[in-house]
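The values are calculated or read from the model by the stated rules, or taken from the named source; none is laboratory data. On a predicted model such as this, the values are computed, not experimentally measured, just so you know. Because the Cβ atoms are built from the backbone with ideal geometry, glycine has one as well, and the counts that use them run over all protein chains shown.
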Amino acid sequence: MNDALTPAQLRSLTPLNMLSEQQWRELRTQLVPQHVLAGQLLFRRGDQARTTYYLLSGELLLEDADGCEERLQAGTVASCHPLSPALPRVQQARALSDVSVLVLDSATLTRLLTWHSALQGLLLELQQDGEDLEWLQRLLANPLFARVPPANVRAMLGRLQPVTLPAGSVVLQEGEQGDCCYFLKQGRAEVLRGSDSERQVLAELELGACFGEEALLADRPRNASVTLLEDSLLLRLDRQDFVALLKAPVVDQLSLGEASRLLAQGAAWLDVRLQDEYQQAHAAQALNMPLHLLRLKARLLDKERSYICYCDSGKRSANAVYLLAQLGFSAYALRDGYDALPALQRDALLSENGAGYLARSGGRIERSA
C-alpha cells in the first residue's frame, strides 16, 4: 500500500469520516500508509507523542502494564478507530506480521475536527433562524474557507450588506479602485476583461461565488469587470471587514528564516512578478508565474507541494496566496516582500538571473533553455 488512501477507505475510519473532502485534501501529505515489519514496535507504553495511528493491514499485539494482551486485526471494527489514543499511552503496540499503518499529526486532526464541528453548529443555527443555506454551503465549499475560523464566518455574515440589482448592471468596473468585495447569493454574473471588440469573458460566477477581493488584497485597481446576467441579490463586504475577517486567516505570511526552513522540507519559491522583473534577478530555482496569469497556470503546480510566493512589496504575493488557497494549494507569502529585507539578505535571496525555471505538467520543474 504505497498510494494515498482513497475516499472510500477514509470513510471507514473514525473520526476521519467526519471530515469533508476538502479537509482530507489538507491532510493529503499524511494520508500515505507507512510500513512496519513483523516484530517491530509501533509505539511504547508511556509514549506522549501527539500522533494518531490506524491499522490498515496486518495484525498488531497491544499489551498494557499488567501484561494483558489484545490482538488487533486489520479490517475489524476496532481497527477503524485510533490505536491507544490516550496520552501517555497505556499500551505498547508490536507488529505480529508486516503491517501498514496510517500516521497522522493529532494536533492537525483535532483542529480540522473542531473546525468541522463548529461549522456544522453554525449551519444548524442559521437553518433554525430560517436562513437559506444553499448559497452559504457552496461558499464554504471553497478551499480558502477551510482556513477561516467559523467565528469569523459568523462575524462576516453579520457585516454583509444586501444589494439587489437588475440584469445588465455592472457591479465592478475594470480599472476602478476597490473598496469592497461581493458574494453572489442569488442570480448569475460574468467576469469580463477588456473593452468593445477586445472584450473577453473570463468566467461565469456561480451561486456562492466571492468576487472583487483581488483588488483588496493587492491594493491595486480592479483587473476585470463583473456584469449581472440576470436579476441578482449580492452581499457586499467592505474592505476593512474583508481584511480583518478573511484575508488575515487565509494569507499565511513567513519571515525569510521560516521560509528557509520550509524550503528545506521540500517547498518551492514562486515568483509572482512580471517576467522582465524575474529575469533581472530571482530566488534560486524559483518558478515564475506572474500574478495576472496565475489562475491559468496554477494547473501546472503540484498540490502535494507547498509554495512560498514573493514579490517586491508583498502585495502581489498576498494576492497569489489567496488565489492559490481558493484552488486548494498550500501557499505562503514572504512577509512584506523582499523590499523589507536588509540589503545583504535581499541580494542573497535574488541570487539568480535570466530565464530561470518553468513548471511542467505534474508539478515538474525544469530549467529554461
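Considering only residues in region 311-354 that are over 17 Å from Glu214 (Cα atoms) and of a type in the set (S, T, N, Q), the one that is nearest to the chain's Cα centre (by Cα) turns out to be Ser330. Residue check: Ala38 meets all listed conditions (1) modelled with pLDDT under 90; (2) assigned by TED's automatic domain parsing to the domain that holds Val101 but one, namely (1).
From the list Arg305, Arg295, Arg299, Arg261, the lone residue that is of a type in the set (Lys, Arg) and over 18 Å from the mean Cα position of the chain (by Cα) is Arg261. Looking across region 97-111, just one residue is more than 21 Å from His35 (Cβ to Cβ), β-branched (Val, Ile, Thr) and in contact (Cβ under 8 Å) with a residue 12 or more places away in the chain, and that is Thr108. Restricted to region 20-47, and to residues there that are in contact with a strand residue (DSSP E or B) (Cβ under 6 Å, 6 or more places away or on another chain) and assigned to a loop (DSSP other than H, G, I, E, B), the residue that is surrounded by the most Cβ atoms within 10 Å (Cβ to Cβ) is Pro33.
Between Leu104, Leu113, the distinction of being under 17 Å from Pro82 (Cα atoms), surrounded by fewer than 16 Cβ atoms within 10 Å (Cβ to Cβ) and at pLDDT 80 or above belongs to Leu113 only.
Could you please find all residues in region 182-210 being in contact (Cβ under 8 Å) with a residue 40 or more places away in the chain and under 25 Å from Cys311 (Cβ atoms)? The one that is in contact (Cβ under 8 Å) with a residue 40 or more places away in the chain and under 25 Å from Cys311 (Cβ atoms): Cys210.
Selection of region 73-96 for residues being free of Cβ contacts under 8 Å to residues at least 24 places away in the same chain and farther than 18 Å from Gln48 by Cα yields Gln73, Gly75, Thr76, Val77, Ala78. Scan region 124-151 for residues that are touching a helix residue (DSSP H, G or I) at 6+ places or on another chain (Cβ under 8 Å) and surrounded by fewer than 17 Cβ atoms within 10 Å (Cβ to Cβ) and report the count. Number of matching residues: 7.
Let's see how each residue does on (1) among the polar types (S, T, N, Q); (2) at pLDDT 95 or above; (3) assigned to a strand (DSSP E or B); (4) surrounded by 15 or more Cβ atoms within 10 Å (Cβ to Cβ):
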position	(1), (2), (3), (4)
Tyr54	no, yes, yes, yes
Gly67	no, no, no, no
Arg71	no, yes, yes, no
Gly75	no, no, no, no
Leu87	no, no, no, no
Arg94	no, yes, yes, yes
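The residues of region 133-188 that are of a type in the set (Gly, Ala, Ser) and closer than 13 Å to Glu213 by Cβ amount to a single one, Gly178.
Residue-level analysis places Tyr322 outside the set of residues that are closer than 26 Å to Gln22 by Cβ and not in a helix (DSSP H, G or I). Checked against (1) outside the structural domain of Leu235 (by TED's automatic domain parsing); (2) under 23 Å from Phe329 (Cβ atoms); (3) touching a strand residue (DSSP E or B) at 6+ places or on another chain (Cβ under 6 Å), Asn142 passes all but a single condition, namely (3). Condition check for Asp231 on (1) among the charged types (D, E, K, R); (2) more than 30 Å from Asp132 (Cβ to Cβ); (3) touching a Pro at 6+ places or on another chain (Cβ under 7 Å): one failure, at (2). In a residue-by-residue description of region 194-207, the property of being modelled with pLDDT of 90 or more, in contact with a Pro (Cβ under 8 Å, 6 or more places away or on another chain), of a type in the set (A, V, I, L, M, F, W, C) and assigned to a strand (DSSP E or B) applies to no position. I'm trying to understand the selection: among the residues of region 291-338, which are on the phi > 0 side of the Ramachandran plot and touching a Pro at 6+ places or on another chain (Cβ under 7 Å)? Passing the criteria: only Gly328.
When every residue of region 125-142 is checked against the conditions, at least one turns out to be part of a loop (DSSP other than H, G, I, E, B) and closer than 27 Å to Leu296 by Cα. All conditions but one from (1) among the hydroxyl-bearing types (Ser, Thr, Tyr); (2) under 21 Å from Val251 (Cα atoms); (3) in contact (Cβ under 8 Å) with a residue 24 or more places away in the chain apply to Thr114; the one that does not is (3). In this structure, is Arg45 of a type in the set (Lys, Arg), at pLDDT 95 or above and over 24 Å from the mean Cα position of the chain (by Cα)? Taking the combined requirement at face value, the residue does not satisfy it.
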